[in-house]
Amino acid sequence: MFEWQKEIRDGMLLMVSQNRGYIEATHNILRYVHEIYIENNSHLYTESELYWITHYLDSVVYKYFLLRLAVEQLQSVRHGRIYESLWPAIENSVQTLDCSDDEQILVSFALEAFLFEARSFLDIYMILVCLLLKTGFTKGHMSKSTFFSELDKVTIPPFAQKADWMKQYFEKKVFGHEENPGATVSRNDWGTLLRSLRDRIAHRDIITLSFDSQERFTNDIRLDWPTLKGITYHLFAETIGNEVHALFHQALCHIYELKWDDYQAVAQEAV
């Protein structure tokens, strides 16, 4: 092994270890509320259904870990540039922090990894929802139209109302219309945007680099960084990451009929 390979390995392991606590805090709450729900409602499912629910819950947890690591890769490159260049820029009255050619490669690599993992997470999450709501879905390709068709099939209480609520949530909050194209706190079209970008890089083309970031720091110094729809890559990924978290504390908890915030202390004790 070359010394630089060891440094890369050590850095990647550090990224995992430094983020494990935050990510597993989310995992702990998710697993805890899920177990409460299953304990109270196991009589509604067959043994086979319970097996596949557990299987896809594990897959959702795993994919969430990977997409959060991709977000951290994007954030780390950004923070590294700020750490190295902000104060020298202030001292020398430089107005922009430029993205180097190597940093462009890194953030592009991390963004594509994020798009793949986030798209995979969303597909698996929709399968988990179908299993929890007993739509009858067992195998095959999951898509937006398939998901909505599966939810429409549910007519038996207590799942029918939850399926209707979930469909409305996805229509408005995941595959909805976003009036503000530059929205960064939350987006109603994040699922549509995610699927479009992932399919583009997987089947057709590369994402052309744009540099119209308006992210600014001390002395109005601008971060000249790759953007999507005017949003820097790291902020774009973080925005979708926030929406993914909402699928846990809002959407799944609606199925579970439990409040996510009631179990924050349990998660912290388990970390």
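Nothing in this text is a laboratory measurement; each read-out follows from the coordinates by a stated rule. The structure displayed is predicted, hence computed values, not measured ones. Virtual Cβ from ideal backbone geometry, glycine too; neighbours counted across all protein chains shown.
Rounded to the nearest 0.05, the FRET efficiency derived from the C-beta distance between Q250 and S143 at R0 = 35 Å is 0.95. Taking each of K134/K167; K162/K259; K63/K167; K139/K172; K134/K259; K144/K172 in turn, the alpha-carbon distance tops 20 angstrom for K63/K167; K139/K172; K134/K259.
Based on the mean of other Cβ atoms within 10 Å per residue, sort peptides 120-129, 166-175 so the most packed one is first.
Details: 120-129: 22.7, 166-175: 17.9.
By packing density, highest mean first, the sequence is 120-129, 166-175.
Between K172 and H43, the modelled labels are 3.3 nm apart [label points 7 Å from Cα along Cα→Cβ]. Once the C-beta distance of L14 and I36 is scaled by a Förster radius of 25 Å, the resulting FRET efficiency is 0.15 to the nearest 0.05.
Taking 7 Å steps out from each Cα toward its Cβ at H55 and E84 produces label points 4.6 nm apart. Relative protection proxy for 34-42, 234-242, from highest mean packing down: 234-242, 34-42 (other beta-carbon atoms within 10 angstrom).
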